Amino acid sequence: MVPSSTKLLLLRRLSMAFRSNHRHPSSIMTLRRSVLHSSLGFVEHMDIVSRPPRRSFCDLNEPQGPTTIDYHSLLKEDEYHQLADSTIHDLLEKLEEYGDSVDIDGFDIDYGNQVLTLRLGSLGTYVLNKQTPNRQLWLSSPVSGPSRYDWDRSARAWVYRRTKTNLSNILESELEKLCGSSVCLS
């Protein structure tokens with residue numbers, strides 16, 4: 001247990017420091033450093049048993065979130081644009097054909113400003129757009145929500161790193177469920 005005299009000393013130092021330095025904003029950082037250094041002794045003497053246990057909401061064997069990627073080293077910008085543009089244009093053509101084969105009120109597909117928008121009337125709207133700084137394609141789906149796809153050279157496809165799902169496969173699966181008719185986008 002920390003002696004109450006140590007606690008009182010720390011509180012006095014804080015009080016005096018704030019009273020004497022509140023008029024001099026330039027010395028605030030110096031004040032913070034001195035209070036921090038003087039309070040370190042107090043922190044070192046704290047009884048560790050009295051601290052609440054830390055909670056972990058994830059499995060320690062799992063990665064702690066997405067790893068940082070240097071997207072510039074993965075795909076050069078011109079290669080990214082070529083891959084992304086060809087993917088979006090292929091999807092545009094195939095989805096236009098698909099729209100002719102299904103009877104969905106409000107089916108509409110539009111491409112402009114590097115954004116592909118597929119409206120399915122009351123079933124929802126898909127939006128696929130390029131994210132050049134990240135070298136990704138971003139998809140907003142009425143079924144699975146938002147996702148970010150990176151180019152996978154070995155699979156030769158756009159893949160969502162968290163779930164390892166392929167962009168074309170997820171669109172095929174979701175459109176079949178929503179529209180009741182299969183589509184081949186690969």
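The values are calculated or read from the model by the stated rules, or taken from the named source; none is laboratory data. None of these values were measured; they are calculated from a predicted model. Please note: Cβ atoms are built from the backbone with ideal geometry, for glycine as well, and neighbour counts cover all protein chains shown. To get the accessible areas, we keep the full protein, side chains included, count just its heavy atoms, and leave off ligands, DNA and RNA. Shrake-Rupley method; radii C 1.70, N 1.55, O 1.52, S 1.80 Å.
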* Probe 1.4 Å, accessible area per residue of the stretch 74-186, Å² -> 55
* To do: Provide I88, I170 ordered by accessible surface of protein heavy atoms (probe 1.4 Å), highest first.
  => I170, I88
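Provide the net charge surrounding G121, with neighbours chosen by a C-beta distance below 12 Å and charges set as Lys +1, Arg +1, Asp -1, Glu -1.
Details: positive: R119; negative: D103, D105, D108.
Taking every other residue near G121 into account, the sum is -2.
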* To do: Take each of the peptides 103-112, 159-168, 133-142, average the number of other beta-carbon atoms within 10 Å over its residues, and list them starting from the highest.
  => 133-142, 159-168, 103-112
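Expressed as a whole percentage, what fraction of the accessible surface of the stretch 92-156 belongs to carbon and sulfur atoms when a 1.4 Å probe is rolled over the protein heavy atoms? Before the final figure, lay out the partial values.
On the way: 1500 of 3610 Å².
The C+S portion of the solvent-accessible surface of the stretch 92-156 is 42 percent.
For E79, what charge total do you get from the other residues with a beta carbon under 12 Å from its beta carbon, if Lys and Arg give +1 and Asp and Glu give -1? Present the calculation step by step, with values, prior to reporting the outcome.
Values: positive: K76, R135, R153; negative: E77, D78, D85.
Residues close to E79 contribute a combined charge of 0.
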